[in-house]
Structure formats: C-alpha cells, structure tokens
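Participant: Here's a structure for you.
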Amino acid sequence: GLLCFSVGSLCSFVCAKFVVYYPLLVARGLVGVGEAAFLVLAPPFIDQVAPDDSKGLWLALFYATIPFGMAIGFGLGGFLGQLLGKQYYYVFLLDSALMAPFIVLAVGAPASWERAGAAPAERKDHSEPFWVAPMKLLRQPTYVCLAMGYACYTFTIGGFSVFAPQFLQYTYEMQQGTANLIFGGITALTGLVGTAAGGWLLERVKAGDAATPVEAAGLSTVMMVVSLPLCFCAFLVDSKEAFFGFLFLAELAIFAKEG
C-alpha cells in the first residue's frame, strides 16, 4: 500500500511537471489501491493487537486521521501552492521521498498476528483461488449496500473538497489559499470531534456489551441523513459566516458516522 502511494506521488509529479493527463489517472488509481490497503488491513490488525478496553479508542483514532490528514493537506496544499508558484509540483516528489523510510519499515513488519503480540488467530484454509472471496462478498447484500453507502460518503466529502473552496472564491471573493486554509481547518476539527462524537453516540445507543453491525450501520445512516440538508443549505445562504456554520454542522454529522 505504501509503495502504491509513493509511485502514485511520482506519477503526480510527472503529470504536473510535464503537463500530461494520463499519469494523473495512474496516480489516482495507485493512491486508491494504497488507501484501500490501509482501510482493509488496519482495522482487523487493530482489533487483534489492541487491549480489549481500548479497541474502540484505537479504531476511532485510526479513522479520525483520515479526515484530519485530508484537511491538513488542503490547508498545506493551498499555502505551498502560493509559496512555490509554478514549482508546486516538487511537493509530490518530496511526498514520495518521505514515504521511502516507511516502506522499508513495513518490509520488516511482523508476518503474523501472533508475532505482533496478538492472541493466536483461528487458522483458515486459503487454498481456494483468490477471486473466490470477492465473488462471495458480492453475493452478500449487506456488504454491497455498505460499500455503496461508503462510496456515497466519499462522494460527498469529495464534492465538498472540490466545490466548497471554489464557492468561497467566486461567491465571497476569498483568496484560494485562505479558502483552502479555512476549509481545511474546519474539516480537521470536525473530523476529530465528529469521529469521537460518533463513537460516544454508538456507546449510548448499543443494546449489549458491544454494538451490533445493525446498530453501527443504523447510526451511520442517521448521521448521513442529518448531514444532507445541512450540506444543501450551506450553498444557499447569503453570508460566508452562515456558510461556515452549516459547513461545520454538516461535516460534524458526516464524520460522526465514522464512530
């Protein structure tokens, strides 16, 4: 996953420096593979190695870093874009270089849950072809619905990340760097607070010792439904203060689903 991220950053550098489009497609694909590797492998790893009374906290911190890192990227990207001007593409090269030590560390990571300090995991038969498991998942309505829901969530965040700074620039005549910095700050704050609040709400609504998949999915659904009118209203108000207020509440509800 780290290697895909690193190569994706190199492709972004090539795309920006030589003004070519297709490396950008390759970059986005590789970054997606890298992100998926983390989102698939990290939660079960945390579940195996975290203390029983801290698993929820560990998972919440992991998921909180996703919007927090994205928000820092917006703010930092806007600042560096103004600072470096037309030479901004060297940031992608630096990004790729900074990942290299972590790739080396990952190569030496424990090869099993047990060696990482986890309790012995149940042994399973992995003799079936690799495509059998994905086909089994695609026949599970719950998995398909949750995957489509997460795609909608990603679409919502992506839409805000693209259109909100542009909206601030053209509607309220804000500078690009300022718009990105404020939007990134709100996203960082709501990412941390919203994720923690979602975890707290899930603890309050669960019926047993641990939340069931139905309870977790239900809370996520409620939070996404709550966020929709707030997202819509943010672009209808006639002042930037009201826009930021609706944006804050909308992202707070969106990120609460991560809990």
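The values are calculated or read from the model by the stated rules, or taken from the named source; none is laboratory data. Small disclaimer: the values here were computed from a predicted structure and weren't measured. Cβ coordinates were reconstructed from backbone atoms using ideal geometry, including for glycine residues, and neighbour counts include every protein chain displayed. Surface accessibility is based on the protein's heavy atoms, side chains included, excluding ligands, DNA and RNA. Shrake-Rupley method; radii C 1.70, N 1.55, O 1.52, S 1.80 Å.
Participant: Would you kindly calculate the translational diffusion coefficient of the stretch 129-259, applying Stokes-Einstein with the Kirkwood radius from alpha carbon pairs, for 37 °C and a viscosity of 0.692 mPa s, and quote it in µm² s⁻¹ without decimals? Mind dumping the intermediate values first?
Facilitator: Details: Rh = 16.3 Å.
Result for D is 202 µm²/s.
Participant: Taking only complete DSSP H runs, can you tell me which helices of the chain stretch 27 Å or more along their own long axis by Cα positions and average at least 0.0 on the Kyte-Doolittle scale?
Facilitator: Working: long enough: 22-49 (40 Å, 1.25); 55-84 (42 Å, 1.31); 141-172 (44 Å, 0.70); 176-205 (41 Å, 0.83); 213-234 (31 Å, 1.63).
The qualifying helices are 22-49, 55-84, 141-172, 176-205, 213-234.
Participant: Related question: Going by Cα centres, the stretch 85-107 and the stretch 165-243 are how many Å apart?
Facilitator: 30 Å
Participant: While we're here: Compute, for the chain, the length of the dipole vector about the Cα centre, with Cβ point charges of +1 (Lys, Arg) and -1 (Asp, Glu) only. Units Debye, rounded to 20.
Facilitator: 520 debye
Participant: Here is a follow-up. Taking all protein chains in place and a 1.4 Å probe, what share, in percent, of the accessible surface of the chain do carbon and sulfur account for?
Facilitator: Details: 11540 of 16180 Å².
Solvent-exposed carbon and sulfur of the chain make up 71 percent of the total.
Participant: If you don't mind, another one. Before I look further, what does the stretch 142-196 give for accessible area per residue, probe 1.4 Å, in whole square angstrom?
Facilitator: Normalised by residue count, the accessible surface of the stretch 142-196 is 54 Å².
Participant: Please compute one quarter of the surface area of the Cα convex hull for the chain and express it in square nanometres. Kindly include the intermediate steps, with their values, before the conclusion.
Facilitator: Details: hull surface 65.6 nm².
Convex hull of Cα atoms, orientation-averaged projection: 16.4 nm².
Participant: Loop sites only, by DSSP: take the chymotrypsin sites (Phe, Trp or Tyr not before Pro) in the chain that have at most 11 other C-beta atoms within 10 Å and name the longest stretch containing none of them. Could the numbers behind the result be given before it?
Facilitator: Values: sites that count: Tyr21, Phe130, Trp131.
Of all site-free stretches, the longest is 132-259.
Participant: Let me ask something else about it. Name the lysines eligible as straight-distance cross-link partners of Lys17: C-alpha to C-alpha under 22 Å, and not fewer than 8 places from it in the same chain.
Facilitator: Lys86
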